[in-house]
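The values are calculated or read from the model by the stated rules, or taken from the named source; none is laboratory data. All of these numbers come straight from a predicted model, not from anything done at the bench. Neighbour counts are summed over all protein chains in view; Cβ atoms, including those assigned to glycine, are modelled from backbone coordinates with ideal geometry. Heads up: the accessible areas ignore ligands, DNA and RNA and are worked out on the full protein's heavy atoms, side chains in. Shrake-Rupley method; radii C 1.70, N 1.55, O 1.52, S 1.80 Å.
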Amino acid sequence: PATLPALDLPCFTDGSTVTLAGLRGPAVVNLWASWCAPCRDELPAFQRLAERTAGTLHVVGVNSRDGREAARSVGLDLGLTFPTLADPQEQLSRQLGRNALPLTLFVDGQGRIRHLDSSGALDDATLTGLVRQHLGVVSG
């Protein structure tokens, strides 16, 4: 399987830089944008997943092709507390060779992408099932 690319992206909350290749899972990385309706529909499910699996699973958002204020506004409206990285130049999508949003990566403990999902808005049950199937994490 592919590994996460060596990209440095700034975190929205504290401005620190996160190196994606250094992320060790299990992790779920969700690429989203404020103007993407299915993205907005599924973000609350990612928030609930982050709350249910705190300490077991990393949930990380990557805001793509977006303005900082628009992204921040969606995050505040939806009460997102999981870390979200800014990727206005779509570096991650380009390195993965994908351009559809939303896009969700399921990453194992070695930083390998076990599954890429671009099926549309994920609900709680589908997200829970994918986490169990690809990462072996039971999330409630």
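Shape class of segment 43-95 from the Cα gyration tensor (axes a ≥ b ≥ c, square roots of the eigenvalues): oblate, since a/c reaches 1.5 or more and a/b does not exceed b/c. Using C-alpha pairs below 8 Å separated by at least 6 residues, the relative contact order for segment 1-103 is 33 percent. Each residue of segment 23-31 was assigned a 3J(HN,Hα) from its phi angle through the Karplus curve 6.51 cos²θ - 1.76 cosθ + 1.60 (θ = phi - 60°); the sequence is 6, 10, x, x, 8, 10, 10, 10, 8 Hz, with glycine and proline shown as x.
Cysteines of the chain lacking any other cysteine Cβ under 4.7 Å from their own Cβ: 11. For the chain, the per residue solvent-accessible surface stands at 46 Å², with DNA, RNA and ligands left out and a 1.4 Å probe. Counted by Cβ distance under 14 Å from residue 136, the other residues give a net charge of +2, where Lys and Arg count +1 and Asp and Glu count -1.
Among the protein heavy atoms of the chain, carbon and sulfur supply 49% of the accessible surface, probe 1.4 Å, non-protein parts ignored. Put a dot 7 Å past the Cα of residue 138, heading toward its Cβ, do the same for residue 110, and the two dots end up 2.6 nm apart.
Would you mind counting up the charge near residue 81? Only other residues with Cβ under 15 Å from its Cβ, with Lys and Arg at +1 and Asp and Glu at -1. Within the 15 Å Cβ shell, the charges total 0. With the simple model of a label 7 Å out from the Cα in the direction of the Cβ, residue 21 to residue 123 spans 4.0 nm. Under the simplified labelling scheme, the residue 14-residue 77 pair shows an inter-label distance of 2.8 nm, with each label point 7 Å from Cα along Cα→Cβ.
The residue among 46, 95, 118 whose Cα reaches farthest toward the positive pole of the charge dipole of segment 33-134, with charges on the beta-carbon of Lys, Arg, Asp and Glu, is 95.
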